[in-house]
Amino acid sequence: MRLFTNVILTTTLAATLAVAGNLPGYKVLCNQLENLKGWEVSKCDGMKMTNPMFGEMVTASKNYTKGDKSVEVSVVSGMQAMMTWAPFQTGMTMENDEQLVKVEKIDGFPVGFSYDKQAHSGTLAVLLAPNAVLVLNYDNMHWKEALKMAKVFEWEKLSKLFK
């Protein structure tokens, strides 16, 4: 079993490094993170980095606030995207009185949800490509509202930036 796991991890890492040279610049990603009507929006932060061991990665993020609601929207790629998607990789669904964790296919994209029902906060991750994820970390809102917000960011257009 351990050998199988190591082979999968090595193959995934190799695939990520193979497409590393095709990553967009962080300013390109920042341009995709739209300002949303009715929300206060921070300046987009981002970076593009190359590491001999882990290849290239790029990130871009904006913070959105509206009353007591807050959302950090990020596009991450490379090793960071793989680590972000890892909790959803198995496709596990779990729900109890306190938490909901699930993965669904929405508009052709795998979408992972981790939602704290009592705190009304969580993480929503859209797998854009094997090496890229759109992530929303949200507070004081239901996961369905976070999904509606996530759909504003054009997933298909974002995914094409990583092919």
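So which of SER77, SER70 ends up being under 19 Å from LEU33 (Cβ atoms) and touching an Asp or Glu at 6+ places or on another chain (Cβ under 6 Å)? Can you show your working first?
Values: SER77 fails: touching an Asp or Glu at 6+ places or on another chain (Cβ under 6 Å).
So the residue among SER77, SER70 that is under 19 Å from LEU33 (Cβ atoms) and touching an Asp or Glu at 6+ places or on another chain (Cβ under 6 Å) is SER70.
What about LYS105, is it part of a strand (DSSP E or B), over 16 Å from ASN22 (Cα atoms), basic (Lys, Arg) and under 16 Å from the mean Cα position of the chain (by Cα)? It would help to see each step written out before you state the result.
On the way: part of a strand (DSSP E or B): yes; over 16 Å from ASN22 (Cα atoms): yes; basic (Lys, Arg): yes; under 16 Å from the mean Cα position of the chain (by Cα): yes.
Against the criterion (part of a strand (DSSP E or B), over 16 Å from ASN22 (Cα atoms), basic (Lys, Arg) and under 16 Å from the mean Cα position of the chain (by Cα)), LYS105 qualifies.
If you go through segment 44-66, how many residues are outside any strand (DSSP E or B) and either touching a Lys or Arg at 6+ places or on another chain (Cβ under 6 Å) or in contact (Cβ under 8 Å) with a residue 12 or more places away in the chain (or both)?
Start the filter on segment 44-66 by keeping residues that are outside any strand (DSSP E or B), which leaves 44, 52-54.
Right, trim to either touching a Lys or Arg at 6+ places or on another chain (Cβ under 6 Å) or in contact (Cβ under 8 Å) with a residue 12 or more places away in the chain (or both) and you get 44, 54.
Total satisfying the criteria: 2.
Which one of these is modelled with pLDDT of 90 or more, under 19 Å from ALA125 (Cβ atoms) and out of contact with any Cys (no Cβ under 6 Å at 6 or more places or on another chain): VAL58, VAL41? Lay out the reasoning, then the answer.
Numbers: VAL41 fails: under 19 Å from ALA125 (Cβ atoms).
From the options VAL58, VAL41, the qualifying one is VAL58.
Given the structure, is ALA81 outside any strand (DSSP E or B), of a type in the set (Gly, Ala, Ser) and without any contact (Cβ under 8 Å) to a residue 12 or more places away in the chain? Give the derivation first.
Numbers: outside any strand (DSSP E or B): yes; of a type in the set (Gly, Ala, Ser): yes; without any contact (Cβ under 8 Å) to a residue 12 or more places away in the chain: no.
For ALA81, the condition - outside any strand (DSSP E or B), of a type in the set (Gly, Ala, Ser) and without any contact (Cβ under 8 Å) to a residue 12 or more places away in the chain - is not met.
Restricting attention to segment 62-80, which residues are under 19 Å from ALA146 (Cα atoms) and either touching a Pro at 6+ places or on another chain (Cβ under 9 Å) or not polar (S, T, N, Q) (or both)? Step through it out loud before you land on a result.
Keep residues of segment 62-80 that are under 19 Å from ALA146 (Cα atoms), which gives 62-76.
Passing the criteria: LYS62, TYR64, LYS66, GLY67, ASP68, LYS69, VAL71, GLU72, VAL73, VAL75, VAL76.
Hey, can you tell me all the residues within segment 49-101 that are closer than 22 Å to TYR26 by Cα, surrounded by 14 or more Cβ atoms within 10 Å (Cβ to Cβ) and out of contact with any strand residue (DSSP E or B) (no Cβ under 7 Å at 6 or more places or on another chain)?
Of everything in segment 49-101, those that are closer than 22 Å to TYR26 by Cα, surrounded by 14 or more Cβ atoms within 10 Å (Cβ to Cβ) and out of contact with any strand residue (DSSP E or B) (no Cβ under 7 Å at 6 or more places or on another chain) turn out to be PHE54, GLY55, MET82.
Can you tell me which residue in segment 23-43 is nearest to VAL133 (Cα to Cα), limited to those that are in contact (Cβ under 8 Å) with a residue 60 or more places away in the chain and assigned to a helix (DSSP H, G or I)? Quick ask: steps written out before the conclusion?
Here is the first cut: in segment 23-43, the ones in contact (Cβ under 8 Å) with a residue 60 or more places away in the chain are 23-24, 28-29, 32-34, 36.
With the extra rule that they be assigned to a helix (DSSP H, G or I), the set shrinks to 28-29, 32.
Details: VAL28: 15, LEU29: 12, GLN32: 13 Å.
Restricting to residues being in contact (Cβ under 8 Å) with a residue 60 or more places away in the chain and assigned to a helix (DSSP H, G or I), the top hit is LEU29.
For (1) of a type outside the set (Asp, Glu); (2) part of a helix (DSSP H, G or I); (3) within 16 Å of LYS105 (Cβ to Cβ); (4) over 11 Å from the mean Cα position of the chain (by Cα), each residue gets a yes or a no:
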| position | (1), (2), (3), (4) |
| --- | --- |
| THR123 | yes, no, no, no |
| LEU134 | yes, no, yes, no |
| TYR138 | yes, no, no, yes |
| LYS148 | yes, yes, no, yes |
| GLU156 | no, yes, yes, yes |
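When you look at GLY67, is it at pLDDT 90 or above and over 10 Å from the mean Cα position of the chain (by Cα), yes or no? Walk me through how you get there before you give the answer.
Details: at pLDDT 90 or above: yes; over 10 Å from the mean Cα position of the chain (by Cα): yes.
Considered against the rule, which asks whether it is at pLDDT 90 or above and over 10 Å from the mean Cα position of the chain (by Cα), GLY67 comes out as yes.
The values are calculated or read from the model by the stated rules, or taken from the named source; none is laboratory data. None of these values were measured; they are calculated from a predicted model. Reconstructed Cβ throughout: ideal geometry from the backbone, glycine too, with neighbour counts over all protein chains shown.
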